[in-house]
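The values are calculated or read from the model by the stated rules, or taken from the named source; none is laboratory data. Note that the structure is a prediction, hence the values are computed from the model and not measured. Virtual Cβ from ideal backbone geometry, glycine too; neighbours counted across all protein chains shown. Only protein heavy atoms, including side chains, enter the accessible area calculation; ligands, DNA and RNA are left aside. Shrake-Rupley method; radii C 1.70, N 1.55, O 1.52, S 1.80 Å.
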Amino acid sequence: MAPIDMGDAPTWIAGGFAAIAAYCAWGTLKSQRQQIGEQQQFIAEQSATLALERSELRAVAESRRRAQAELVEITRSPVLRVWNGSGAPLRDVQMMFGTQAADSGAEIFFAPGMNFGRTGDRQVTPVPVLGAGRTFSFSATPEPVRGELRRLLFTDDAGVRWSLDEHGALEEIPPEPSS
């Protein structure tokens with residue numbers, strides 16, 4: 001039988017280093033796969049957090065957008081009055097009685113500390129501007145057809161058009177499409 005050639009020492013040393021390098025490369029790949037998995041999990045958690053934050057920011061923005069309109073009130077004592085309780089003016093203010101608009105009204109000026117005020121000059125509606133903290137009284141018109149509500153139409157300081165009915169329901173009026 002012929003003797004088996006086991007090679008020389010440099011070949012064995014080179015083979016040993018190659019095996020060590022292969023083991024280290026395998027360990028590095030395994031570690032990188034683990035890091036990539038952790039990064040993917042972190043990104044998924046961040047995406048979920050960002051989605052929640054985005055939804056919360058949208059809710060805050062919607063609340064801010066409605067804030068001025070929610071400070072407008074309609075009272076009946078015995079006439080219909082509109083009070084702009086916000087810190088900014090309202091524009092194009094108009095009271096609707098069903099489908100019929102109030103044709104005129106007057107601003108009411110209250111003296112400090114008094115529950116009554118004096119009525120200003122009559123104005124044709126829609127009222128171009130109703131200042132912050134001001135009250136406007138609309139002249140009486142016939143009762144609306146049964147089922148139709150009295151509602152106030154106005155534009156807030158941000159240019160959004162709103163409808164507020166006599167029961168306090170506030171709705172945004174979508175802008176008319178421009179042609």
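Details
- Neighbours by Cβ (under 8 Å, 6+ apart or cross-chain): first from the stretch 91-104, in contact (Cβ under 8 Å) with a residue 12 or more places away in the chain; second among the aromatic types (Phe, Trp, Tyr) and assigned to a strand (DSSP E or B): ARG91/PHE154; ASP92/PHE154; VAL93/PHE136; VAL93/PHE154; GLN94/PHE154; MET95/PHE138; ALA102/PHE138; SER104/PHE138
- Residue match in the stretch 21-41 (condition: assigned to a helix (DSSP H, G or I), in contact with a Phe, Trp or Tyr (Cβ under 9 Å, 6 or more places away or on another chain) and either open to solvent by 100 Å² or more (accessible area, probe 1.4 Å) or in contact (Cβ under 8 Å) with a residue 60 or more places away in the chain (or both)): no
- In the stretch 45-65, the residues that are within 25 Å of GLU172 (Cβ to Cβ) and in a helix (DSSP H, G or I) form no Cβ pair under 9 Å with any partner that is open to solvent by 60 Å² or more (accessible area, probe 1.4 Å) and of a type in the set (Lys, Arg), whether six or more places apart or across chains.
- Any hit, the stretch 114-135, residues being modelled with pLDDT under 90, part of a strand (DSSP E or B), within 26 Å of ARG65 (Cα to Cα) and among the polar types (S, T, N, Q): yes
- Residues in the stretch 66-83 that are of a type in the set (Asp, Glu) and not in a helix (DSSP H, G or I): 1 in all.
- A single member of ALA44, ALA51, ALA69 is open to solvent by less than 100 Å² (accessible area, probe 1.4 Å) and touching an Asp or Glu at 6+ places or on another chain (Cβ under 7 Å), and it is ALA69.
- Which listed residue, of THR99, THR28, THR75, is among the polar types (S, T, N, Q) and modelled with pLDDT of 90 or more: THR28
- Taking the criterion of being polar (S, T, N, Q) and surrounded by fewer than 16 Cβ atoms within 10 Å (Cβ to Cβ), the residues of the stretch 156-179 that qualify are SER178, SER179.
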